[in-house]
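Inspection log for the structure reproduced underneath, given as structure tokens.
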Amino acid sequence: QQARIGVIGLAVMGSNLARNLARHGHPVALYNRSVAKTKSLVADHGDEGTFVPAETPEEFVASLERPRRMVIMVKAGGPTDAVIEQFAALLEPGDVIIDGGNAHFADTRRREAALRERGLHFVGVGISGGEEGALNGPSIMPGGSAEAYASLAPMLTDIAAQVDGDACVAHIGPDGAGHFVKMVHNGIEYADMQLIAEAYDLLRHAAGLTPAQIAEVFRGWNQGRLSSYLVEITTEVLSHVDADTGKPFVDVVQDQAEQKGTGRWTVQVALDLGVPVSGIAEATFARSLSGDATVRAAARGLAGPQHTESAGKGAEGIVEDIEQALYASKIVAYAQGFQQIRAGGEEYGWPIDLGAVAAIWRGGCIIRAEFLDRIRAAFDTEPTLPTLLSSPHFAEALAGAQDGWRRVIASATARGIPVPGFGAALSYYDSIRANQLPANLIQGQRDYFGAHTYRRTDRDGVYHTRWGQDRGEYRDS
Ligand code: NDP
């Protein structure tokens, strides 16, 4: 029996992906370094489709139809390099190696270039949706050559999440484009989670609601424009009660957020590209800050506001304002993420269709949300839209939400409740729409201490003022 595709690495992600492929009628070759995982997959799920188990890499490669297609789902980093090397040595020109792990896009670019020299296709694929998605339909973001994608597309289309009859998969662009977009997806996920957490904090400490009541607020919001997977699971987490203590689950969980690093990658890359993804950065820093027990213990006694009376609105008004702040901040966070994808595309020569990215994030992935339909529509209507915020739909939404958004931030500030995500989003909004930013002063300072020159508002050219001498101005170029 020849297999159409193979999966290497049968831990939770690899075995679920293999089962998803098999369930859709694609015979799947299986290989795992330790044979036990291969055997238990076949023993537990062998009846779900056609599996061709192999005990050695040679046996695995021999069982694949040509061109050979194999998905590597092993630990990211060194193990992925080792497995690529092990299998590439057994392949022939035209064969396709797919890396479905959480690789950094720079590694994917390096691997793709090296394998291309050897005549092999390397497709770095961002896969979102965790274990459940891998089994039942993830959002799939493939990079690599168009030729390699064409040979994979029918299978990827079958196993991807489906929304309104569309599969959540699209060829993102060459080499590392898929993993780049997956990275930004995770960065947006950090921002979205932080914004939801701030909304919860305000509902609890400004509106005075209990976790169970807040769960109901989120349940209601999930019926509206905020409808999304993250809001849905927030409802579940907030309504959960700890079996041991009978307390709300959130009250027995330590307030120290952990991270695996994809948010950090997004911010690091954004700094290099010069793209202000302040929402993602604040969310990443907020996790780091929450985990810094030493600093937090030392700072606990610092003075807070004296008066913390309400901002003059009843609880209901505050709840409405928080919804506005959450929605507006979320628009900004996504706009920033899409801006980063565009900047990455320009830097690395990837012609990324932003509307298509929004479309494949509508299902399967963690940030799946109804409003991605709106984002897709905005980019489909105007692919060169300079910022999502200026699209008529979102400009109007922000105009409608801004009063509540501002009130929430003012009220949070007065009460001493931190809102780094909401605040960064509003500052971004106010900055990009400003007629005049104080960058003129910064240019003056730079020219003063470093003769870095400046441009004038009234004529062309580059100028320097002789600050230390007669303060005369001369034209530099
Ligand atoms: P792990 O990341 O825990 O990796 C375990 C697998 O890697 C096992 O099959 C193991 O083989 C294999 N492996 C590790 N080192 C080597 C090596 N040197 N040589 C050969 N095989 C090796 O598995 P997961 O299923 O959790 O994740 C797989 C990939 O998917 C990772 O890159 C991960 O980051 C990514 N991932 C993505 C998620 C998503 O939502 N997209 C969610 C979770 C993970 P053995 O059994 O022999 O030890």
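Taken together, the values in this text are just the output of simple stated rules run on the coordinates, not laboratory data. Remember, it's a predicted structure, so these values are computed and weren't measured experimentally. Virtual Cβ from ideal backbone geometry, glycine too; neighbours counted across all protein chains shown.
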*All lysines inside 26 Å of LYS75 as judged from Cα atoms, apart from same-chain residues fewer than 8 positions distant*: LYS37, LYS39, LYS182, LYS260
*³J(HN,Hα) across the range 2-15 via Karplus (A = 6.51, B = -1.76, C = 1.60, θ = phi - 60°), whole Hz, x for Gly/Pro?*
8, 9, 7, 8, x, 10, 10, x, 10, 6, 4, 5, x, 5
*Looking only at the range 211-229, which residues have a backbone nitrogen under 11 Å from a spot 7 Å from the Cα of GLU316 in the C-beta direction?*
none
*Add +1 for every Lys or Arg and -1 for every Asp or Glu among the other residues with Cβ under 11 Å from the Cβ of PRO418, and state the total.*
-2
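Can you give the FRET efficiency to the nearest 0.05 for ASP44 and GLN306, using r as the Cβ-Cβ distance and R₀ = 56 Å?
Working: r = 62 Å, r/R0 = 1.11.
With a Förster radius of 56 Å, E is 0.35.
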_Between ALA150 and GLN223, what is the label-point separation in nm under the 7 Å Cα-to-beta-carbon projection?_
5.0
*Under a Cβ-Cβ cut-off of 15 Å, what is the net charge of the residues other than CYS365 that fall near it, where Lys and Arg count +1 and Asp and Glu count -1?*
-4
*Please say if the range 159-245 is rounded, prolate or oblate, where rounded means a/c under 1.5 for a ≥ b ≥ c the square roots of the C-alpha gyration tensor eigenvalues, and otherwise the choice is prolate for a/b larger than b/c and oblate otherwise?*
prolate
*Search the structure for amide H atoms under 5 Å from the amide H of GLY6, placed 1.01 Å from N in the peptide plane, and list their residues when 5 or more places away or on another chain.*
ALA29, ARG69, MET70, VAL71
_Beta bridges by DSSP in the range 72-172, antiparallel share as percent, to the nearest 5_ = 50
*What order do you get for 152-164, 268-280 when each peptide is scored by the mean count of other beta carbon atoms within 10 Å, highest first?*
268-280, 152-164
_Only Lys, Arg (+1) and Asp, Glu (-1) charged, at Cβ; the chain dipole about Cα centre in debye_ = 820
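How charged is the neighbourhood of VAL252? Take every other residue with its Cβ under 10 Å from the Cβ of VAL252, and add Lys/Arg as +1 and Asp/Glu as -1.
Local net charge: -2.
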*asked:* From the phi angles alone, apply the Karplus equation (6.51, -1.76, 1.60; θ = phi - 60°) to the range 379-385 and give each ³J(HN,Hα) in whole Hz, x where the residue is Gly or Pro.
replied: 6, 5, 5, 9, x, 9, 2
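Using mean Cβ contacts within 10 Å as the protection proxy, how do 327-339, 204-216 order, highest first? If you can, show how the numbers build up before the last one.
Numbers: 327-339: 26.4, 204-216: 17.3.
My ranking of the peptides, most packed first, is 327-339, 204-216.
Tell me the relative contact order for the range 118-213 as a rounded percent, counting alpha carbon contacts under 8 Å between residues six or more apart.
Numbers: 129 pairs, mean separation 24.8, N = 96.
Computed value for the range 118-213: 26 percent relative contact order.
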_Need one number: nm distance between label points at TRP467 and ARG23, each 7 Å from Cα along Cα→Cβ, rounded to one decimal._
6.5
*Show me 86-95, 187-196, 434-443 ranked by packing, highest mean number of other Cβ atoms within 10 Å first.*
187-196, 86-95, 434-443
*With a cut-off of at most 11 other beta carbons within 10 Å, and DSSP calling the residue loop, which GluC sites (Glu not before Pro) in the range 234-291 qualify? Please list them.*
GLU258
_Please list, ordered by chain and number, the residues whose modelled amide H lies under 5 Å from the amide H of LEU64; skip anything fewer than 5 residues away on the same chain._
ALA3
*Share antiparallel - DSSP beta bridges, the chain, percent rounded to 5*: 40
*Do the sum for the chain: with -39,500 (n - 2.57) for every DSSP H run of n ≥ 4, divided by all residues, what is the mean residue ellipticity at 222 nm, to the nearest 500 deg cm²/dmol?*
-17500 deg cm²/dmol
*Report the extension gain between GLU132 and ASP460 in nm, rounded to one decimal, defined as 0.36 nm multiplied by the number of residues separating them, less their alpha carbon distance.*
112.3 nm
*Identify the chymotrypsin sites (Phe, Trp or Tyr not before Pro) of the range 408-477 meeting these criteria: DSSP loop state and at most 16 other C-beta atoms within 10 Å of the C-beta.*
TRP467
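Between GLU58 and ALA297, what length comes free when the chain is fully extended (0.36 nm per residue of separation minus the Cα-Cα distance, one decimal in nm)?
Length gained, GLU58 through ALA297: 80.4 nm.
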*Would you calculate the separation in nanometres between label points at ASP272 and ALA399, each defined as 7 Å from the Cα along the Cα-to-beta-carbon direction?*
4.0
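Rounded, prolate or oblate for the chain? Axes are the square roots of the Cα gyration tensor eigenvalues, ordered a ≥ b ≥ c, and the cut-off for rounded is a/c under 1.5.
Cα axes put the chain in the oblate bin.
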_Per-pair calculated FRET efficiency, R0 = 51 Å: ALA377 and ARG446 via Cβ, rounded to 0.05_ = 0.75
*Working from Cα positions, state the angle (0 to 90°, nearest 10) between the long axis of helix 315-348 and the longest principal axis of the chain.*
60
